[in-house]
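Everything below concerns the one structure shown next.
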Amino acid sequence: MLDHLARNWWVLALRGAASVLFGIGAFLWPGITMSVLMILFGAYALVDGIGSVVAAVRWRHMDDRWGFTLAQGALGILGGLVALALPYVAALSLVYVVAAWAIITGVLEIVTAVALRKVIEGEWLLALAGPASVLFGVALAVMPRAGVVVLSWWIGAYALLFGALLLALAFRLRRLALPPVSRRRATV
């Protein structure tokens, strides 16, 4: 296995380079990156929705709950069409979902901290985490375009890190593929 990986080190290097280039692109063009990701999501949701509708129709005689699968498929188709037709709207929707989640989670963290104040010490840490979550959610809701950019940057940062790790592994494997004499020269 190791021999096979070492001989094909260049495949990992190509993957790593592609990931690094994608990461750089995500930082340079966050709007385009998010649009492309939403289009890919839209295609996936559309295909998945169609599959669910087909499954529901086929199972309608065997399962009393086939209507739930049909509804899931219809929502998938609708979500897919929206993401394909309006990728920026889909990206903004994602940002608003994250904002709502952060606000609700923050409020619940504050409530939990107040309830726990008589039970444990240090609940103030949770009480501080709550307002931080609420502020993050409000900031996303007030500046959703910035949220789209930041989301693209996070994806880009992941791609850069992943690509760098693959490149490091590829060049390490390349050294293993070298003949023993060349390997000694490569490490000097």
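The values are calculated or read from the model by the stated rules, or taken from the named source; none is laboratory data. Predicted model, so just to flag it, every value in this text is computed and none were measured. Every residue, glycine as well, gets a Cβ built from its backbone with ideal geometry; the counts of neighbours run over all protein chains shown.
In this structure, residue 19 qualifies as modelled with pLDDT of 90 or more, crowded, with 16+ Cβ neighbours inside 10 Å, part of a helix (DSSP H, G or I) and touching a Phe, Trp or Tyr at 6+ places or on another chain (Cβ under 9 Å). From the list 166, 160, 84, the one residue that fits, being in a helix (DSSP H, G or I), at pLDDT 90 or above, within 25 Å of residue 25 (Cα to Cα) and under 17 Å from the mean Cα position of the chain (by Cα), is 160. In the set (1) touching a Gly at 6+ places or on another chain (Cβ under 6 Å); (2) under 24 Å from residue 85 (Cβ atoms); (3) aliphatic (A, V, I, L, M), residue 20 fails one condition alone, (2). Within region 75-90, residues that are in contact (Cβ under 8 Å) with a residue 12 or more places away in the chain and under 20 Å from residue 151 (Cβ atoms) sit with their Cβ atoms under 9 Å from residues that are among the acidic types (Asp, Glu) and part of a helix (DSSP H, G or I), at 6+ positions apart or across chains, in these pairs: 80/48.
Residues considered: 48, 64. Of these, the only one that is acidic (Asp, Glu) and within 20 Å of the chain's Cα centre (by Cα) is 48. Considering only residues that are over 20 Å from the mean Cα position of the chain (by Cα) and of a type in the set (A, V, I, L, M), which ones fall in region 120-142? Across region 120-142, the qualifying residues are 120, 125, 126, 127, 128, 129, 132, 134, 135, 138, 139, 142. Residues satisfying the criterion are present in region 31-39 (criterion: under 30 Å from residue 71 (Cα atoms), surrounded by 15 or more Cβ atoms within 10 Å (Cβ to Cβ) and among the small types (Gly, Ala, Ser)).
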